[in-house]
1. Take Glu61, Glu482, Glu386, Glu487 and order them by how many other Cβ atoms sit within 10 Å, fewest up front.
2. Need one number: nm distance between label points at Asp197 and Glu240, each 7 Å from Cα along Cα→Cβ, rounded to one decimal.
3. Taking 8 Å as the Cα distance limit and 6 or more residues as the minimum spacing, I'd like the relative contact order of the stretch 414-532 as a percentage.
4. Taking the Cα-to-Cβ direction at Gln230 and at Glu248 and moving 7 Å from each Cα, how far apart do the two end points lie in nm?
5. May I ask you to derive the FRET efficiency for Tyr260 and Ser25 from their Cβ-Cβ distance with R0 = 41 Å, giving the value to the nearest 0.05?
6. What is the stretch 184-348 by shape, rounded, prolate or oblate, if you read a ≥ b ≥ c off the alpha carbon gyration tensor as root eigenvalues and call it rounded for a/c under 1.5, prolate for a/b larger than b/c, and oblate otherwise?
7. With point charges of +1 on the Cβ of Lys and Arg and -1 on the Cβ of Asp and Glu, referenced to the Cα centre of the stretch 4-171, which listed residue (Ala77, Gly14, Thr105) lies farthest in the positive direction of the dipole?
8. Kirkwood-based Rg over Rh for the stretch 125-216 (C-alpha set), two decimals?
Amino acid sequence: MQQHIVLVGLSGSGKTTVAPLIAQSLGRRCVDTDTDIVVKAQRPIADIFAREGEAAFRALETQALAAALEQQSLVIATGGGIVESSANRELLRANAFVVWLHARTPSLVERLQAMTDRPLLGDNPEDALQKMAARRTPLYADLADLIITTDDQSPQQIADEVVRTYSMRQQRSASAGVQVSTPGGSYAVLAGPGLLDSLPQHLHQLGLRGRAWLISDTTVMALHGDRVQQLLRDHGHTVEAYSIPTGEQYKTLDTVRGAYDWLLRAGVERGDVVLALGGGVVGDLAGFVAATVLRGIAVIQLPTTVLATVDSALGGKTGVDHAVGKNLIGAFHQPRLVLADTNLLATLPSPERAAGWAEAIKHGVIGDAALFADLRQSAADVLALEEPITGELLQRAAAYKARVVSGDEREQGTRILLNYGHTIGHAVETESAYTLRHGECVAIGMMAAGAIAQRLGLFSSAALAEQQAVLELFGLPTRLSESIDIEQVMTRIGSDKKVRAKRVRWVLPTEIGAATIRDDVPLDLVMDVLSDLR
Ligand SMILES: NC(=O)c1ccc[n+]([C@@H]2O[C@H](COP(=O)([O-])OP(=O)(O)OC[C@H]3O[C@@H](n4cnc5c(N)ncnc54)[C@H](O)[C@@H]3O)[C@@H](O)[C@H]2O)c1
Ligand SMILES: [Zn+2]
């Protein structure tokens, strides 16, 4: 969802005329807070002012504004005094692209002559306007993302200028992105609403003019595949598409072989590009196919799950599962770009969304306290996919991984921190026979590792409680269910991939935003913590 556009300015500055023109140009709905108040109160504004006073009117105005901001991105015209209330200013600051339509007083007086129902102007409108302007100017200026001087412009010209600036800003904030730099390649990681539309432009900039080979799973292909193909064809690209069956059980060499057959028989060439559209399964598998076919061709990751956006799509680990275990076959192959259009998350079932956020919370706990605090603050909004906050937090969670990976492409040093919650998480995941989602198991694993750290005196009880609170805000499990056999989990921890010389290397938090690695955690302590997690 895109930001609301809200027009502020003195009476007569043209808000009501310009708003519908902007709305029309962006294909949005348009509302007017004054109209909403009149409709709801069933009487004119002058009447409300006369009988109940300004404070009562401002309260109605706050209600009308809040109700409008709850809806899908709108264009909102407001009453001139909307900035007089601090509640309104806070709402606008947090939720809108604010445009101040500025006009000189003589123009306003002229425009207002034709109008009635302007309660605060009285007998000497010029004088009243001047006073009002003096009081409100600093408030408008402080709130405005864009200021337009309207005196010599037609409403259509003003609307065009708003649309142009707004679109540019949206694009710029989305394209700022994050950069991953590794010896294996440097690339941008971009997350935000509507970014898919920029794919042709990125292909062009990256010099990827060959055929595009779209790989997705049957679920995501059915939902979003046509759109991607159409978009690329509209921009002159040749696109081929291939669906793999949906599900982790198909992340295998057999599926890879099918993809090789498709690519090679249709004549894939070195300069072509694989587009991996989907969650982590598609990203890992298509990435591996791209890493190996013709000894490696370009891949662009188009993640469509929260998990893939903040975690699996970046970092360059690709691969498939083997009967002996998950992710045992693979290759490092960095993508040329990670482009996450957060609008595509709308079709993702909510438990999948929540599970993906577990990895973002993990990034907060081990290395980014501000991200953690903002996830706590905005949990409900991101679960509802409110924008721009969802794109922003996904981008920041991805940025944390990008920083870690940039310093440590092949997991020799700090990259192991990303394994926080995964030692027990993986064991629980296997033990649940994959009935629990990966992110859900990571949440449980984070609670276990956090409790271990707390018992070792590394992590405070308060911080542990905070971690639990945020996981729960996202609807993630924080306890072990009865059906998980603790003895089995203990055995599996011993067989974890990250065991070094038979000692388990534990990633343990020391505070929210920092972690350390320890290999001297007594197994009795782990056992105790697991029993307590029931
Ligand atoms: N390479 C790495 O560094 C790395 C890191 C973490 C995880 N992984 C791997 O990622 C995989 C898990 O990824 P995941 O959680 O994204 O699972 P997934 O790819 O299986 O996707 C989950 C489900 O959501 C569906 N789906 C995806 N996007 C959708 C959308 N927009 N709308 C509707 N449905 C959608 C999929 O079809 C699937 O059924 C695992 O295989 C794991 O090993 C890899
Ligand atoms: Zn994970």
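1. Values: Glu61 25, Glu482 7, Glu386 15, Glu487 10.
Lowest count first: Glu482, Glu487, Glu386, Glu61.
2. 3.1
3. Details: 159 pairs, mean separation 36.3, N = 119.
Here the relative contact order equals 31 percent.
4. 3.4
5. Details: r = 47 Å, r/R0 = 1.15.
Step by step, r from the Cβ atoms, then E = 0.30.
6. Working: a/c = 1.39, a/b = 1.19, b/c = 1.17.
Because its axes are fairly even, with a/c under 1.5, the stretch 184-348 counts as rounded.
7. Result: Ala77.
8. Details: Rg = 21.7 Å, Rh = 17.8 Å.
That ratio equals 1.22.
Values in this text are rule-based calculations from the coordinates and carry no lab data. Only a predicted model underlies this, so the values are computations on that prediction, with no experimental measurement involved. Virtual Cβ from ideal backbone geometry, glycine too; neighbours counted across all protein chains shown.
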